[in-house]
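Worksheet: one structure, shown below.
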Amino acid sequence: GAVVSQHPSWVICKSGTSVKIECRSLDFQATTMFWYRQFPKQSLMLMATSNEGSKATYEQGVEKDKFLINHASLTLSTLTVTSAHPEDSSFYICSAPRQGRYYEQYFGPGTRLTVT
Amino acid sequence: AQRVTQPEKLLSVFKGAPVELKCNYSYSGSPELFWYVQYSRQRLQLLLRHISRESIKGFTADLNKGETSFHLKKPFAQEEDSAMYYCALIHGTSYGKLTFGQGTILTVHP
């Protein structure tokens with residue numbers, strides 16, 4: 001089956017610093033990837049759609065300048081949390097659908113971000 | 001705007017008992033509905049898709065457009081079914097953007 005990886009799996013950073021999270025589709029190409037945020041024992045909230053070769057599309061209420069998304073290749077999307085604050089601490093999950101099969105989505109294992 | 005509602009945050013049953021996880025949706029068009037499952041310390045994975053009308057791990061779900069529901073059912077729950085279950089929908093123009101319900105934590109007791 002298809003695999004999506006995320007790196008790092010866990011990161012701690014100091015308030016005011018930036019942190020980058022990578023999402024890779026390991027054995028398939030993904031022109032679109034999605035970034036979600038999940039609070040403990042709560043639902044996934046879609047943050048943005050990452051599009052290869054073009055700008056990301058952000059959901060309402062998500063700060064574009066704070067959550068920078070770059071989809072550099074058909075297998076890699078990165079989410080950079082800039083000037084992180086404690087309220088940004090969360091679990092960030094990416095997903096990638098197979099090309100042409102939007103209903104067949106594969107999720108990464110998630111990245112736990114703790115901002116101190 | 002589309003919305004998915006899972007009214008039960010927690011659901012506990014005993015092994016061998018039937019289980020039903022409720023899901024209601026609101027969407028003006030024809031949505032595609034899914035159930036995703038997240039076992040402890042594992043990533044989210046697809047359980048069911050309404051279009052395929054499959055039975056996976058003994059689970060079934062029927063789309064009821066009149067009641068705008070997509071409840072997940074299993075006649076005899078097993079301990080390994082204990083997990084977080086999410087109902088989700090994709091609306092026609094979203095190219096795979098999922099709207100998730102709040103999730104239901106199912107615990108199956110021995």
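The values are calculated or read from the model by the stated rules, or taken from the named source; none is laboratory data. It should be emphasised that the depicted structure is a prediction, and the values quoted were computed from it without experimental measurement. Every residue, glycine among them, receives a Cβ derived from its backbone with ideal geometry; neighbour counts consider all protein chains shown. Each accessible area value is taken on the protein alone, full model and side chains, heavy atoms only, with ligands, DNA and RNA left out. Shrake-Rupley method; radii C 1.70, N 1.55, O 1.52, S 1.80 Å.
Inside the stretch B:23-49, residues that are surrounded by fewer than 17 Cβ atoms within 10 Å (Cβ to Cβ), without any contact (Cβ under 8 Å) to a residue 60 or more places away in the chain and more than 14 Å from chain A (Cβ to nearest Cβ) make up a count of 2.
Within the stretch B:17-39, take every residue that is at pLDDT 90 or above and part of a loop (DSSP other than H, G, I, E, B) and give me the one that is nearest to A:R112 (Cα to Cα).
It comes out as B:Y39.
Does A:H7 count as open to solvent by 20 Å² or more (accessible area, probe 1.4 Å) and touching an Asp or Glu at 6+ places or on another chain (Cβ under 6 Å)? So A:H7 fits the description; yes.
Under 30 Å from A:S9 (Cβ atoms), open to solvent by 20 Å² or more (accessible area, probe 1.4 Å) and either more than 11 Å from chain A (Cβ to nearest Cβ) or over 15 Å from the mean Cα position of the chain (by Cα) (or both) - does that describe any residue in the stretch B:92-103? For the stretch B:92-103, residues under 30 Å from A:S9 (Cβ atoms), open to solvent by 20 Å² or more (accessible area, probe 1.4 Å) and either more than 11 Å from chain A (Cβ to nearest Cβ) or over 15 Å from the mean Cα position of the chain (by Cα) (or both): present.
When the test is whether a residue is in contact with a helix residue (DSSP H, G or I) (Cβ under 6 Å, 6 or more places away or on another chain) and either of a type in the set (D, E, K, R) or open to solvent by 60 Å² or more (accessible area, probe 1.4 Å) (or both), B:K15 passes it.
The single condition from (1) away from every other protein chain (no Cβ under 11 Å); (2) under 30 Å from A:T57 (Cβ atoms) that B:T107 fails is (2). For the stretch B:1-11, the set of residues classified as surrounded by 13 or more Cβ atoms within 10 Å (Cβ to Cβ) and not in a loop (DSSP other than H, G, I, E, B) consists of B:V4, B:T5, B:L11, listed by residue number. When we screen A:K41, A:K66, A:K14 for residues that are in contact (Cβ under 8 Å) with a residue 40 or more places away in the chain, farther than 22 Å from A:Q99 by Cα and of a type in the set (K, R), the only hit is A:K14.
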